[in-house]
Each structure stands twice: as C-alpha cells, then as structure tokens.
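Written out below as structure tokens is the structure these notes cover.
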Amino acid sequence: MSNEVLNEKQLRFVEGVAAILTPWGVPSVAAQLYGYLLLCEAPASLDQITAGLGISKSTASVAARLLESYSLVRRQREAGTKRALYAAADNYEAMIAQQNRLLDALAQQFDSGAGIVTAKGVGARLKEMAHFYRLMRDAMDDALSRWRQTKRS
C-alpha cells in the first residue's frame, strides 16, 4: 500500500482491526493507526499517517507513541532528518512477553490477597484465579516456544 488515502477495502481492514482492539482497551484512533501501519510496506511519517487516516498530526503522534509502548509499533528516524517514521512491529513476541508479565503480576497479587482474607470462599476464589492466570501464562509461553520452532524450520 502506498501511504495515501485509504481505498474502501483498506478502510474496512483498518476499521476491522480497530473493532477488535478497542474492546481490549486500545483507543480507537490508536487501533486504526495500527491497522493502517499493517498495510504499509515502508515506515510512514506522521504526515503520511495523517493524510491516510484523516486525523491531526498531534493525534497521530500520541497514538503512535501509545502503540510503541504496547510494542505494536516501532519508531525510527529518517536518515538525515529529525523526522520520525513508524512501522508495525515485527516482534510479535514482545507483546506476549509483556502480557505474560501482567499475568504473573496478577497471579502474585491474587496469591497475596488469598493470604490476607479470613473468608475461606474468598481465599479459594483468589487462589483459583491465581492458578488460572499462571496456566494462561504457561500456555502463552508454550505457544511462543512453538512459534520459535516454526521460525527456525
């Protein structure tokens, strides 16, 4: 895709990505930006992004930085300028590793809570939740291992 105004099919793709990511807490504009960058062959400047999505430069900048913090987008400098270029990250593992750290933190917090409550039912629920989140983390670790194996093949 060239970094121009989106055609109808590209716009539907971008809106589809946004519809999937928004319920996960990703702001709509950031989710649209991610969908846009997924379609770009080369890194895009803020000017290209604003033209492609019809958003302001400041909105695009804030959304790009947020996506960068999520490990979904990488920023690079254009050679010989101070201008930033953005591209969809190709390190899918970084986002999963970040989610695994969150799952670990949740499990630890729930274990801690189970140790301070007196009601057996509450303690049991917190321990069960901790166990569930550890199982989910282990499943994602296993999926990452299998992913790495397929990349080596």
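Laboratory data are not the source of any read-out in this text; all were calculated from the coordinates shown. Every value quoted in this text rests on a predicted model; they were computed, and no experiment measured them. Every residue, glycine as well, gets a Cβ built from its backbone with ideal geometry; the counts of neighbours run over all protein chains shown.
Computed values, structure above
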| read-out | value |
| --- | --- |
| Yes/no for Ala63 being in contact with a Leu (Cβ under 9 Å, 6 or more places away or on another chain) and surrounded by 15 or more Cβ atoms within 10 Å (Cβ to Cβ) | yes |
| In region 44-54, the residues that are of a type outside the set (Asp, Glu) and either on the phi > 0 side of the Ramachandran plot or surrounded by fewer than 19 Cβ atoms within 10 Å (Cβ to Cβ) (or both) | Ser45, Thr50, Ala51, Gly54 |
| Members of region 60-84 found to be of a type outside the set (Phe, Trp, Tyr), within 18 Å of Leu37 (Cβ to Cβ) and outside any helix (DSSP H, G or I), listed by number | Ser71, Leu72, Val73, Arg74, Arg75, Gln76, Arg77, Glu78, Arg83, Ala84 |
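For (1) among the polar types (S, T, N, Q); (2) surrounded by fewer than 12 Cβ atoms within 10 Å (Cβ to Cβ); (3) part of a helix (DSSP H, G or I), each residue gets a yes or a no:
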site: Tyr86; (1), (2), (3): no, no, no
site: Met95; (1), (2), (3): no, no, yes
site: Arg101; (1), (2), (3): no, yes, yes
site: Leu106; (1), (2), (3): no, no, yes
site: Phe110; (1), (2), (3): no, no, yes
site: Gly123; (1), (2), (3): no, no, yes
site: Asp138; (1), (2), (3): no, no, yes
